Amino acid sequence: MNAFAASPDYPQANASVVGESANVHAGVREVAASESTDPEAAASEGTDSEGSSSEGSASEAAALRSRIESLPLAEKVRLLTGETAWTLFDVPALGLSPIVLSDGPIGIRGIEQVSTEAAQLPSPSAIAATWSTDLASKLGTLIAGEARRKGIDVVLAPVVNLQRTPVGGRHFECYSEDPLLTGVIATSYVAAAQAGGVGMSVKHFIGNESETDRTTYIAKVSERVLRETYLAPFESVVREAKVWSVMAAYNGVDDGTGSAPATEHDHLLNDVLKGEWGFDGVVVSDWLAANTTVESALGGLDLVMPGPGGPWQDKLIQAVTDGLVAESVIDDKVERIVRLGQRVGAIDRRPHLSSVEIDAPDALHSAPATRALLRETVARSIVVLGNDGILPLSPQTVGSIALIGPAAVDPFVQGGGSAFVQAPYASTPESAVRDTFPSTRLRVERGGTSRVHAPAIDPALVSTPEGRPGYELSLFDAHGHPLGEPRIIEASESWNRNVPIEARSAHVRAVVRLTNPGPNRLEVGVSGAHEVRFTGALVSSATDIATSNVILNSSANHPAGPARRFEVTGAEPVVVEIDARLQVVDAEGYGTFVRFELRHEKNDVDRDDELAAAVEAAREAEVAIVLIGTTEETESEGWDRPSLDLPGRQNELVRRVFEANPRTIVVVNAGAPVILPWLDDVPAVLWWWLPGQEAGNGLADALVGRTEPSGHLPWTLPARFADVPVQDARPINGVIDYVEGGDVGYRSWDRLERTPARPFGFGLGYGTWSTPVIAAAEWHSDGSLAVSVHISNTGERDSRATVQLYLECLVADLERPVRWLAGFALLDVIAGQEGYSTIHVPKRQFEIWSEQRQEWVIPAENLALSIGLSSRELSVAQPLPNRDVISLQTSQ
């Protein structure tokens, strides 16, 4: 008898399933307890197979192509390179206004000239940790509203590269190490954003899983591994969400069919993306990634950014004239950009037809509904890594709390690099804990620092030599002649981007008055050649000229420079006169700027004294909450981490606080894995991610159970760095060889039979559950498998379960992972009740890519299904049901 024989008494829905209910995800389908929906259909709403429904009939499309063909060649080529770093040229003859692009994985940065505050979302890894397409869709809608509020047409997001190694610098900016989870969350996010009339540019296509030498290395990945693993999330977003743009990566790719930069990989861009998948949008280069003319034009790239400049423009016109590039290739690129313009409403700048309603758009980033959504996302993303019963806390019974740690006073809310967003406000841990525990005594101690550099200076301490607030900036041309009068710059402004193109050097004068008693550390961060003096004394000099490399390697985001310690002993301030001769950095398409960042540590005290004060606070409190983690100096675009160690003395801080107070809760404020040697010793550990503007409120909600911290890890947490399967991403002779094949993340841990600190998919929440059960499984005529599951809430609290379904090989197969995620379901279940759902596993999960036949095939099946609450907490695997019994239904 088949183990999956259907039961006639098996319910299809359950009234005990509440809230988001049984949202079921297998890459192509979502089923709720009260209704069934199809994300592919939802993603396509308003978009037919040819693209946006607003594009009109086939005859109108033909007419458009005719108009494009009639344009002068120079005007067509002009459109294919940005006019500026963030805008495209207009085409009056076609009614096309300039299309505006912006960075935006966690919020809309906006273009430099009008950059303003924006809603600051949790990091993508945090969003993936919710395993919730509902929240991903709502965040996509929010991003669309924010983009429209700021005049943005296309958002350069999301990142769907996989977390191949935990040391990857942009690990926090990716969703997951698993291709299915990445694709499902990204598809929901993109579909919702584009339903709001804003284009998304999914990135970085392809093989861009690390930062070391990212602009030059070649990712060597077999065609099969690319197809089954790294291309899978891109394919989901293209086919299901009908994404309007794809960004080609900096690196090169060797997939066995050919080796070429990602911006000119003919097979991947033309054959696979545009041909096989039917992508009809725009392939845009990552900024400054395109370096060739003919090769990139023929290789599938449509748009070179940023502009002006780059390898196309006049060179591309000449290539067409010389017969190296057919004008029809140019016409196709123009048509794709015009189609994008139609979709975002840039044709005659008519409003885009959308069902999305935005209340008070000018205040969207701080509206109550936005705050509530972001607050819920923070709480839902938090992963309970351990809990002996101390959580949730009761505000009515806790008399005193010691809030301790570097992240308690300076939380890390967003990663470094192009993902940076200026939030309208910040909910801090201290303010949120005070609000949540109004009658509780609270003491806050930092306990040490997690940073190398001091924080940004208080602008009130800075003036010009004449006493005006800010610092004085003078600019000079190549001959040393002044360019206008000196400018007065606010001390909080450290980039100085509005620099004339003819400027070559700068002179900065500032006076800093240090008033805080005790030791003060003063730093100046600069980029490129410089000479810096503190009160006449030379403290730093360099002659190396900075170029766009300081943007590409992100060193400009955390500039080095001189640091000195000053002791304030009396009532009079210590006055430091700063005189800096600086290079004007010409970063090509990124513009010109002068980097001058003032940093100040007002209590540069002995670290032993800070640690002792934290231990004392813990000893006196009923509960100690220790917030530790990384910073933007650790996790950032531009470089990979050398290790997974927590910076500073934070491990020592945790141990000593726990020794002083056995009721210690540790909160980890990091985007990517770090080693936690005390994880199984302390009473409770929460993973807080990089939580964005609602950081404190979301954490407080989780601590008291106002919102259950129901997150599950979207990656594997190592216990020891030595166990990590891929420990670095350093190219060897310019090549990164993906030798592990498709065994990315937890798949490698399974293959190598290593035990992590916490496995992929792990999360305790505050509930207690029975072992989930597979009740029935039925094949559909489209090759998908419908798996009916149920789980019992055996605890005393209403709770959310993330039920995970895995496929695994009954007989070892080195060409396939030991097991892989095939689908999952979120079930909100009332205490003491059961939750039911159906997980639809698409046909693709059973297929492999045949390099010989160049198609997807189903090999002789030796697969089994298992179910559980993490990749290591699974039921005994059961063979798949017989395919001879097939329902006439499909997964639609």
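The values are calculated or read from the model by the stated rules, or taken from the named source; none is laboratory data. Because the structure is predicted, anything quoted here is derived from the model rather than measured. Positions of Cβ are backbone-derived with ideal geometry, glycine not excepted, and every protein chain shown enters the neighbour counts. Accessible surface is based on the protein model in full, side chains and every heavy atom, while ligands, DNA and RNA are left aside. Shrake-Rupley method; radii C 1.70, N 1.55, O 1.52, S 1.80 Å.
What to note about this one:
- Separation in nanometres of the label points that stand 7 Å from Cα toward Cβ, at W678 and L538: 4.6 nm
- Here segment 695-716 and segment 433-501 have alpha carbon centers that stand 33 Å from each other.
- Local electrostatic count, H481, Cβ distance below 14 Å [Lys/Arg +1, Asp/Glu -1]: -2
- For segment 611-738, the share of alpha carbon pairs falling in successive 5 Å distance bins from zero is 2, 9, 17, 19, 20, 15, 9, 5, 2, 2, 1, 0 percent.
- Cα gyration tensor shape for segment 409-554, rounded if a/c is under 1.5, else prolate or oblate: prolate
- DSSP bridge pairs, segment 171-268: antiparallel proportion in percent, nearest 5: 35 percent
- Expressed as a whole percent, the accessible surface of the chain that belongs to carbon and sulfur atoms is 49, based on a 1.4 Å probe.
- For the pair segment 68-84 and segment 725-765, the centres of their Cα atoms are 45 angstrom apart.
- I489 contributes about 20 Å² of solvent-accessible surface, heavy atoms of the protein only, 1.4 Å probe.
- Near-label residues of segment 790-827 by backbone N, under 20 Å of a point 7 Å along Cα→Cβ of L752: 813-821
- Descending by average beta-carbon neighbour count within 10 Å, the peptides 123-131, 192-200 line up as 123-131, 192-200, the highest first.
- Burial ranking of peptide ranges 387-400, 330-343, 714-727, 233-246 (average Cβ count within 10 Å, highest at the top): 233-246, 330-343, 714-727, 387-400
- Heavy-atom accessible surface of segment 474-532, averaged per residue, reaches 47 Å², computed with a 1.4 Å probe.
- Ranked by the mean number of other Cβ atoms within 10 Å per residue, highest first, peptides 643-653, 822-832, 444-454 order as 822-832, 444-454, 643-653.
- Accessible area expressed per residue, segment 551-608, with surrounding protein chains retained (probe 1.4 Å, Å²): 44 Å²
- Within the same chain, aspartates and glutamates fewer than 8 places from K242 are excluded, and of the rest, those with a Cα less than 15 Å from its Cα are D38, E40, E45, D48, E50, E55, E276, D280.
- For segment 205-248 versus segment 92-169, the gap between their alpha-carbon centres in whole angstrom: 18 Å
- The mean sequence separation of alpha-carbon pairs under 8 Å and at least six residues apart, normalised by the residue count of the chain, gives a relative contact order of 17 percent.
- Taking Cα extents along the principal axes in Å as calculated from this structure, the corresponding entry among (i) 88, 79, 54; (ii) 127, 61, 59; (iii) 82, 69, 62 is (i).
- Rolling a 1.4 Å probe across the protein heavy atoms gives segment 697-853 an accessible surface of 36 Å² per residue.
- Counting only DSSP beta bridges whose two residues both lie in the chain, roughly 70 percent are antiparallel.
- Straight-distance crosslink candidates among aspartates and glutamates, where the alpha carbon sits under 13 Å from K203 and sequence neighbours closer than 8 are dropped: D103, E173, E235, D286
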